[in-house]
Structures are given as C-alpha cells and as structure tokens.
Amino acid sequence: MKLYRTTQGFLVEADGKAYRIAAESWDELLNSTDLMMRAEEATKGTVVALDASTILAPVTSQEVWASGVTYYRSRDARMEESKAAGGGDFYDRVYVAQRPELFFKSAGWRAVGPGDDVRIRTDATWSIPEPELVLVANARGEQIGLTIGNDMSSRDIEGENPLYLPQAKVYNGSCALGPCILLTAGAPLDKTMAIELEIIRGSHDVVTGSTTLAELKRDPEELLEYLFRELSFPFGALLFTGTGIVPPNEFTLQPGDVVRISIDGIGTLENTVSA
C-alpha cells in the first residue's frame, strides 16, 4: 500500500485504487502504532480520485537526514571531486569504516514535492541530482516505509573542502521527496529493487543511469540505528540512503532541466531545475 499527502487530505492507494484515511495530522498518522491496520481499514471505504497535481511532499514536521558513501560509485565520485583539496582519501576511509557518514539534509517544511522546482545554487558551477531511496521512520526509530528522494548537490563546493558539505547539500530547493510512502512495516528491502535516473534537457535525455539496492553497502537497519542512537525525533525522520548513480564529471545541471527518478514499487519523482 502507498500513503499520499495531498492538498485534498491523506490517501491510501491499494491495487491502483485510492481511499481516504482519517488522521488528525500527517505527524499523528506516521507515528501511530497501528498505521498498517488503519491503512488496511481505509481500503474498505469509498474509492476516490487521486489527482497527481494535488500531491505534496510526504513530510511535515519530520527532519530529513542523509547517508553518504554507501555505494562504491559514490565513493569514487567524492574522492575524485575532493582530491585537489587533499580530502580524497576521507571518503575511502568512510566507505570501509564501521560508522556511516550521516548528515542533516533538510527540515521537513523546506522539502519540495513532485512537480515542484529543485534549485541549483547561484554560487555553484557544478551541480547534480543524486537519486536515492529514502527510509521513513517513526518516532520510535521503526522503519514504516520508503519514498524517493533527490539530494541536490553542489559538487564544486564540497570538492573545494569537505567541511563545506552543509553548504553543498543544504539550501533552498535542495531536497525533493515523493510522490508517496510505500508502507513496508519494517519488511526487509528487496535487493533487486531498481533505481533509475533521467535528466531531460529540451526533448532529449542528456543523462540516464540505473542501479539496484544490491549495490548498497550498508543495511538500512544499520543506518537508522546510528541515526537514532543519540538523537530523538518526536515526529519521526526520513533518511536518504546514498546514491549509486553519479552523472559524468563534465555534466552540470542547467535551469529548465527535468530530473526524473523512478524506483520499483514506489513510483516516479519528477522536478524541474531552477536557479
């Protein structure tokens, strides 16, 4: 089942049909102890229309965090962009270390949803999207679902100095989420789940790429355990799991580009780039 936050309220989708689900708020719904039962009960109601233009980012008061260097391809890319600053081997060390890299990505209210614009920094010269699977956890640290995320990144800024990572990763329009939460109730991830990226400029694909969760080095349970180890999240949290798709070094996003990220079983997150 899929859970949607829309301008018309909260909806559950099952077998291609949508139903309303009652809740005091998105925060209350995600943190309820009987979420799956409530979703299943909702599917016994009246079928309603799901208008794609009404879909919002599936986050409100939740914090959004991210994991880095969880794929071998990401490790290589970040070593390459940072070696001129003397930080290239930092990322190799993180890749093999016991402790994962975790960093704050966005307040929930700052994240954008499907159809909204993502942005490239005006002071950046090398900007890319990072397509990622995102874990959704409740306040108890339990994984309740999955969604799609676009971790917009300024590679030149981070490459100048690894300590600039917050500026390279955290800015207005740098975090897109959606279109829904695929409810999982903590079920193990399907390692064959595919992630696909398309970047469209005009009428042509200028970048395409794909990977599967089999390339993800760290278990989601491990990432969530580290995130919740010394932090509390009263409304829950969303955690990007890293990217295994990195555009070529000569590529940078331009205003007007369309970024389309698809993940098996969840759907497609599409955003247009603005400056």
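The values are calculated or read from the model by the stated rules, or taken from the named source; none is laboratory data. Treat the numbers as computed from the prediction; the structure is a model and nothing was measured. Neighbour counts run over all protein chains shown; Cβ positions are idealised from the backbone, glycine included. All accessible areas refer to the heavy atoms of the entire protein, side chains included, with ligands and DNA or RNA removed. Shrake-Rupley method; radii C 1.70, N 1.55, O 1.52, S 1.80 Å.
Here are a few things to note about the model shown:
- In order through region 140-156: 3J(HN,Hα) via Karplus (6.51 cos²θ - 1.76 cosθ + 1.60), integer Hz, x for Gly, Pro: 8, x, 8, 6, 10, x, 9, 9, 10, x, 10, 8, 4, 9, 9, 5, 5
- Residue-wise HN-Hα couplings along region 179-195, as the Karplus relation 6.51 cos²θ - 1.76 cosθ + 1.60 with θ = phi - 60° gives them from phi, are x, 8, 10, 7, 6, 10, 6, x, 5, x, 5, 7, 5, 8, 4, 9, 10 Hz; Gly and Pro carry x.
- For the chain, the relative contact order comes to 24 percent (Cα pairs under 8 Å, sequence separation of at least 6).
- In the full protein context, region 63-273 carries 40 Å² of accessible surface per residue, based on a 1.4 Å probe and ignoring ligands, DNA and RNA.
- Potential lengthening between Ser232 and Asp190 on full extension [0.36 nm per residue; Cα-Cα distance subtracted]: 12.3 nm
- With all protein chains in place and a 1.4 Å probe, the accessible surface of region 2-54 carries 48 percent carbon and sulfur.
- Between Asp34, Asp219, Asp117, the Gaussian network model of the chain with springs among Cα atoms under 10 angstrom shows the greatest mean-square fluctuation at Asp34.
- Evaluated at q = 0.12, 0.22, 0.24 Å⁻¹, the base-10 log of the normalised Debye intensity for region 192-275, with identical point scatterers placed on the Cα atoms, takes the values -0.49, -1.09, -1.17.
- The DSSP beta bridges internal to region 63-273 are antiparallel in roughly 85% of cases.
- Only Cα sites of region 2-54 enter the Debye sum here, all with the same form factor; the resulting log10 I(q)/I(0) across q = 0.16, 0.22 1/Å is -0.41, -0.77, listed in q order.
- Taking the square roots of five times each eigenvalue of the Cα gyration tensor of the chain, the equivalent ellipsoid has semi-axes of 31, 21, 16 Å, listed largest first.
- Once C-alpha pairs closer than 8 Å and six or more residues apart are averaged by separation and normalised to the residue number of region 213-275, the relative contact order reads 24 percent.
- Cβ-derived FRET efficiency at R0 30 Å, Ala107 paired with Leu163, nearest 0.05: 0.90
- About the Cα centre, charge dipole magnitude for the chain (Lys/Arg +1, Asp/Glu -1 at Cβ), debye: 180
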